[in-house]
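Some notes on the structure that comes next.
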Amino acid sequence: MSSFKDFQDSFQRGILERDDTILSDVKDSTTESRSVLIGVYRHAYVARLAEILGDDYEQVHAYLGDEGFARLVKAYIDANPSDKRNARWFGRHMPTFARETAPFSNHREVSEIAALEKALSDAFDGPNAEPLAIDQLAALAVDDWPQLTFQPHPTAIRLTFTTNAAAIWSALKDETAPPDLVRYPEPQALLVWRQDFMARFRPLDPEESMMWNETTKGVRFGILCEMVAMFGGEDDAEIRAATYLRDWIDSGLLAGYEVE
Amino acid sequence: MKTEKPPFLGFGLGLRPQHYEEILSGSPTVDWFEVLSENYMIAGGQPLHILDQICERYPIVMHGVSMSIASTAPLDMDYLRDLKTLAERVNPKWISDHLCWTGVHGVNLHDLLPIPYTEEALNHVVDRVSKVQDVLGRRLTLENVSSYVTFGQSEMSEWEFVSEVANRADCWLLFDVNNVYVSAFNHGFSTDDFLQGIPRDRVVQFHVAGHSHEDDHIVDTHDHPVCDEVWDFYREAVTHFGPVSTMIERDDNIPPLAEVVAELDHARKIAGEVAERAQLTAAE
């Protein structure tokens, strides 16, 4: 081999593509052949990445079983050589991969369970921010309220699911039998976020989901109330909007406000 | 740049999430903790919150697995920036990684890959260590890795390569007792040759760990208790190098804290016996 760089290219191909060119550089040991010895690295590469994915996607594993999960993991590893230094991010493409790759793409709940697990992990070690406290709003003048905009907590993620993947995830997490698969006629939203160091999630009804979506775009509270009135009827619209807001504050879903 | 030799910290453990609660609620007889750098190179949340609390109570050293110091790919400046940011938070006594490479062409194989011990590789690694030390503003500590292959083009022994890196790049060494034992078994060299070949004044830390026997080779799995042969070699290492900060490294099949603390006590006992014998010899 002509250079250190060529050596590393060859060694990496030997692992990723199982190219045997590297064997000409490797010596047999007194007890093992060079192919067995290079096999230690080949085996370790796949085993380590499979272990990372197993830790990141425990409930996908539980749902698919050992054999199905092993197929998913092998396909993912083959298609996604790690491009990050930190193994924490190796599995980040799994929801998209499972949604787009047959046969897993025929079972939408698989990618949705993966999406929930990824969102919970992302919320768990996502950025810190002091949650907005209700007391911070107490001193505002009544006239300020229509002009308020809110910042979501940086860990908050809104997902939309076409199946009852969240209920399946919860049952598997509790080590109970998952419910039968349900395909929703309309996608349903849920929020994932971190509160008190715990990653959490809960479903959003369509009206709350709409208001959350608009809130994250920086829409003022006065307009939000009008949108809620249009969405679900004018009666008590402001009370409904204020109730959603209060619940978000109590849950640590907001991190700040501004008076526009 | 920080260049003074780090202090002897005593006997430490690798910090593992399974032990967080016991460490924070009790006062285990652990002198210091080694944290896996990548586990805390994250934005926020509980891991960093707990790390902050442990940093308040114990001396900390940082240990990475993906600097890829021997890679021929360009240095990953984003990684080094994040590592430096974590170091500013933790204020570690030293920062270590492995004398190996982990990938090229933007790929990370998440393994500690072996190097042919050539002058070309040596020059490359020395240059990289110097650059990393400039970025971090401190000397780096490099660990010898376990390996399973040897290469026809090697021009020197592993210990000669490790020593030359340390001397030419002016960095510290983490002497992994188990890795020397594993590589010596796999490649048929003498652990004593390795020991004698490493410059005493460069070694700032020992790793002691367990491993797994496969058919005709040993794999460095860190998932078993330390075996008698590795304890024997640890005794030789302490005798040769003198007091060196010692750590039990367990990465898989993680037992209750008390079990690894008991292994640490065993290391303490061995080091104490070696020191006592040295005193007696000096008094004679």
For A:Ser82, residues with placed amide H under 5 Å, excluding near neighbours: B:Asn108
Spherically averaged projected area of the stretch A:1-94 from its Cα convex hull (nm²): 7.3
Residue-span extension gain [B:Phe189 to B:Thr29] - 0.36 nm each, minus C-alpha spacing: 54.0 nm
Gap separating the Cα centres of the stretch A:166-226 and the stretch B:2-80, nearest whole Å: 36
5 angstrom amide H check on A:Asp28, placed H, neighbours 5+ away: A:Arg34
Distance between modelled label sites at B:Glu229 and B:Gln279, nm, 7 Å Cα→Cβ extension: 3.4
Chain lengthening between B:Glu120 and B:Met77 when straightened (0.36 nm per residue, less Cα-Cα): 13.2 nm
Antiparallel bridge percentage (DSSP; both residues within the stretch B:161-246; nearest 5): 25
From phi via Karplus (6.51, -1.76, 1.60), per-residue ³J(HN,Hα) for the stretch A:234-245 in Hz, x at Gly/Pro: 6, 4, 6, 4, 5, 5, 4, 4, 5, 5, 4, 4
Under Karplus coefficients 6.51, -1.76 and 1.60, residue-wise ³J(HN,Hα) of the stretch A:172-179 in Hz, glycine/proline x: 5, 4, 7, 6, 10, 5, x, x
Share, in percent, of DSSP beta bridges within the protein assembly as shown that are antiparallel, nearest 5: 45
Label-point separation in nm, B:Thr239 to B:Asn91, each point 7 Å along Cα→Cβ: 4.0
Using θ = phi - 60° and Karplus 6.51 cos²θ - 1.76 cosθ + 1.60, couplings along the stretch B:183-199 (whole Hz; Gly, Pro as x): 5, 4, 5, 5, 10, x, 9, 8, 4, 5, 4, 4, 4, 5, x, 9, x
Relative counts (whole %) of C-alpha pair distances in the protein assembly as shown, using bins that are 10 Å wide: 3, 16, 23, 23, 17, 10, 5, 2, 0, 0
Theoretical FRET efficiency, 1/(1+(r/R0)^6), r = Cβ-Cβ of B:Glu214 and A:Lys217, R0 41 Å, to 0.05: 0.10
Tensor-based shape of chain B (alpha-carbon gyration tensor, a/c under 1.5 rounded, otherwise prolate or oblate): rounded
Three-way shape label, the stretch A:129-260, alpha-carbon gyration tensor, a/c 1.5: oblate
Label zone at B:Asp170 (point 7 Å along Cα-to-Cβ), backbone N below 20 Å, the stretch B:1-33: B:1-7
Residue mean of other protein chain beta carbons inside 10 Å, A:28-41: 5
Helix A:58-79 axis, angle to chain A major axis (alpha carbon atoms, nearest 10°): 60
Peptides ranked, highest mean first, by Cβ atoms within 10 Å: ranges A:66-72, A:49-55: A:49-55, A:66-72
Segment A:Gln151-A:Thr21, extension gain: residue separation times 0.36 nm, minus the distance between their alpha carbons: 41.3 nm
Shielding by partners - mean other protein chain Cβ count within 10 Å, residues of A:124-130: 4
Relative contact order (percent, whole number), chain B, Cα cutoff 8 Å, 6+ residue spacing: 18
Simple Cβ-charge dipole of chain B, Lys/Arg +1 and Asp/Glu -1, about Cα centre, in debye nearest 20: 1160
Within 10 Å of each Cβ in B:147-157, the average number of Cβ atoms from other chains: 5
Nonlocal amide H pairs with A:Gly256, under 5 Å, H built at 1.01 Å: A:Leu132, A:Gln151
Relative contact order %, chain A, counting alpha carbon pairs below 8 Å whose residues are six or more apart: 18
Chain A, Cα convex hull volume normalised per residue, Å³: 179
Cβ-based charge dipole, chain B, positive-most Cα from B:Leu173, B:Ala87, B:Gly12: B:Ala87
GNM flexibility winner over chain B from B:Phe161, B:Phe189, B:Phe151 (Cα, springs under 10 Å): B:Phe151
Centre separation in Å (Cα based) which lies between the stretch A:1-72 and the stretch A:144-159: 46
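No lab work stands behind these numbers, since they all come straight from the coordinates. Computed from a predicted structure; not experimentally measured. All Cβ positions, even for glycine, are placed from backbone atoms using ideal geometry, and neighbour counts span all protein chains on display.
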